[in-house]
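Here is the structure we will look at.
The values are calculated or read from the model by the stated rules, or taken from the named source; none is laboratory data. Given the structure is predicted, the values throughout are model-derived calculations rather than measurements. Positions of Cβ are generated from backbone atoms using ideal geometry, with glycine treated the same way; all protein chains shown enter the neighbour counts. Surface accessibility is based on the protein's heavy atoms, side chains included, excluding ligands, DNA and RNA. Shrake-Rupley method; radii C 1.70, N 1.55, O 1.52, S 1.80 Å.
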Amino acid sequence: MPVRKIPKNHVSVTGLHATTKSLYHAEFESPLENDYLTLLDFDPAVHSYEVQPVRVPVPGVQNGYVPDVLVHFRPDADGQTRPSELTEVKAADDLRANASKYAPKFAAAAEYSAERGWLFVKKTEKDIRSPFLANIKFLRRYGRFTPDPADLRNLMDALAREGGQSSSTRLIDALSPDADTRARLLAALWHLVATGQVEVDLHTAFGGDVPLWLEGAHP
């Protein structure tokens, strides 16, 4: 259970993050925190996470320190599991400007984590606001979209005919005689990508023409 409830804030954006990976309800205290939770949702290495997870005792600080997220990982292909990460999400400018204020809390969190076999980490916008985040935000809406099954079959068959490798523009051009059909098929194609049936490089910013492939046919 979260050890701290995030209060309503008229200066920063707060809210409830919709997710299936959080062990309890997942509140966020800033847009950057919400973006970080989104990354965790789409990271296949992440098994689950907890927000406002623990209260770390800090000498001289009455209420201690509550980091933002505790992240738990899945075993990798070799059966090894990364240590859980107790994570603080902060803007880089904030960390620099308030380094001396945060230092005792972060030192206590690092010690608290080490005692439990965890790692204490800090994440800034440089770690979070990447092409990967932009791509998954774009795809998220298509995961909830329900295309015509016939369109999905046509796209998968066309991609198979090309040897399992193509690009978004080339594939749609081969199937679309008019603008309305192109728009419908493109939405269906992004659904296939969002649901993992067609693969793309999520770590490269999407442009006008996105390379794509079937599993096992990576170029």
From the list ARG82, ARG129, ARG141, which one is among the basic types (Lys, Arg), at pLDDT below 95 and surrounded by 12 or more Cβ atoms within 10 Å (Cβ to Cβ)? ARG141
Can you tell me which residues in the stretch 66-111 are over 17 Å from ASP127 (Cβ atoms) and acidic (Asp, Glu)? ASP76, ASP78, GLU111
Search result, residues across the stretch 160-188 that are in contact with a Pro (Cβ under 9 Å, 6 or more places away or on another chain) and aliphatic (A, V, I, L, M): LEU185, ALA187, ALA188
For the stretch 109-126, how many residues are more than 19 Å from the chain's Cα centre (by Cα) and open to solvent by 60 Å² or more (accessible area, probe 1.4 Å)? 5
Checked the stretch 161-192 for anything in contact (Cβ under 8 Å) with a residue 40 or more places away in the chain and open to solvent by 60 Å² or more (accessible area, probe 1.4 Å); matches are GLN165
Considering only residues that are under 13 Å from VAL198 (Cβ atoms), of a type in the set (A, V, I, L, M, F, W, C) and open to solvent by 50 Å² or more (accessible area, probe 1.4 Å), which ones fall in the stretch 144-160? MET156, ALA160
For the stretch 203-217, give me the residue count where each residue is on the phi < 0 side of the Ramachandran plot, in contact (Cβ under 8 Å) with a residue 24 or more places away in the chain, surrounded by fewer than 17 Cβ atoms within 10 Å (Cβ to Cβ) and out of contact with any strand residue (DSSP E or B) (no Cβ under 7 Å at 6 or more places or on another chain). 4
